[in-house]
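Student: First the structure, then my questions, so here it is.
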Amino acid sequence: MTTSAIADALRLPAGPVDLTTIDTDAAPGFDGSKSDGRAALLAMGEELADLQERLWAQRTVGAERRVLLVLKGMDTSGKGGVLRHTIGLVDPQGVRITSFKAPTEEERAHDFLWRIERGLPSAGFIGVFDRSHYEDVLIARVRGLAEPDEIERRYGAINDFEARLAGEGVSIVKCMLHISADEQRERLAERLANPAKHWKYNPGDLDERAHWPAYRAAYETVLERTSTQVAPWHVVPSDKKWFRNLAVGQLLLDTLRGLDLQWPAADFDVAAEQQRLAQEAPVQ
């Protein structure tokens, strides 16, 4: 599959990961300005919508193809912004957004992937995971919610799970929205200063912020251990909101293009139906 310069620049190479060496305020693979980036995102909207409609249409003839976009990142990294500005470019009928909160008692009684299976998109959909199975190797590790041996098991279980999904027709796009601690602080301060954004602020965000080095280490392990050929990670510099939205849009567009989506062929005689319509008596 031919990929864009942005996708090539963001795809995580194999080997150890050091997030401190990846610039959070860059725009790799894109040479334009902020206004250029916003225009480029809007410009891809028509093609994104067309390809998404083709994906949706193929489900009517039994195709199993679907796309799963996994968004991960520290608090304020912009998952909601991606949903509004990027996913908002396509028909909401063909999108399923799943946000995984703290597991319920029923969910805790099953393996950690049980609830993830239930949240997967059906054929023809673009599914978006706002939080995901990666919470179970990030928060669980930092907060000690599972034993180290169990965390270790989960890396392999995730890889096996995603390999199976890929074999069943799911195209997986994994994006780590990479922001700096300074940028997060500015965004939290902005929420506190604006009464219209108080609803977005959670006092627990500051508690989690105190664990920043531990989260960075946990992310580095996740990225290294679960970036595979069928489900690679892309690290998206996200201090620039406009680039974050453009980058995720480009990754999604590359993925849909790679599916070579065609309109389903008619299962009826088109010419005969055209003739019938032309000869139809006037409707009274």
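Student: With mean projected area of the Cα convex hull in nm² as the read-out, I listed (i) 14.5; (ii) 19.4; (iii) 20.2; which label goes with the value calculated from this structure?
Tutor: Among (i) 14.5; (ii) 19.4; (iii) 20.2, the one calculated here is (iii).
Student: In a shell of Cβ-Cβ distance under 14 Å around Gly124, excluding Gly124 itself, what net charge do Lys and Arg (+1) and Asp and Glu (-1) give?
Tutor: +1
Student: A further question follows. Over segment 71-187, give the accessible area per residue in Å² for a 1.4 Å probe, as an integer.
Tutor: It amounts to 44 Å² per residue over segment 71-187.
Student: Go through segment 205-284 and name the GluC sites (Glu not before Pro) that are in a DSSP coil and have 14 or fewer other Cβ atoms within 10 Å of their Cβ.
Tutor: Answer in residue order: Glu280.
Student: What number, rounded to the nearest 500 deg cm²/dmol, is the helix-based mean residue ellipticity at 222 nm of the chain, given -39500 (n - 2.57) per DSSP H run of at least four residues and division by all its residues?
Tutor: So the helix-based figure for the chain works out to -14000 deg cm²/dmol.
Student: Moving on. For segment 46-107, which trypsin sites (Lys or Arg not before Pro) are in a loop by DSSP, counting at most 10 other Cβ atoms within 10 Å?
Tutor: Passing sites in segment 46-107 are Lys101.
Student: Which of the GluC sites (Glu not before Pro) found in segment 107-185 are loop residues per DSSP with 15 or fewer other Cβ atoms within 10 Å of their Cβ?
Tutor: Those that pass, being in a loop and sparsely packed, are Glu168.
Student: In the chain, what % of DSSP beta bridges are antiparallel (nearest 5)?
Tutor: 5
Student: Could you name the aspartates and glutamates whose alpha carbon sits less than 13 Å from that of Lys197, not counting residues in the same chain fewer than 8 places away?
Tutor: none
The values are calculated or read from the model by the stated rules, or taken from the named source; none is laboratory data. Bear in mind the structure is a predicted one, so any value in this text is a computation, not a measurement. Every residue, glycine among them, receives a Cβ derived from its backbone with ideal geometry; neighbour counts consider all protein chains shown. Only protein heavy atoms, including side chains, enter the accessible area calculation; ligands, DNA and RNA are left aside. Shrake-Rupley method; radii C 1.70, N 1.55, O 1.52, S 1.80 Å.
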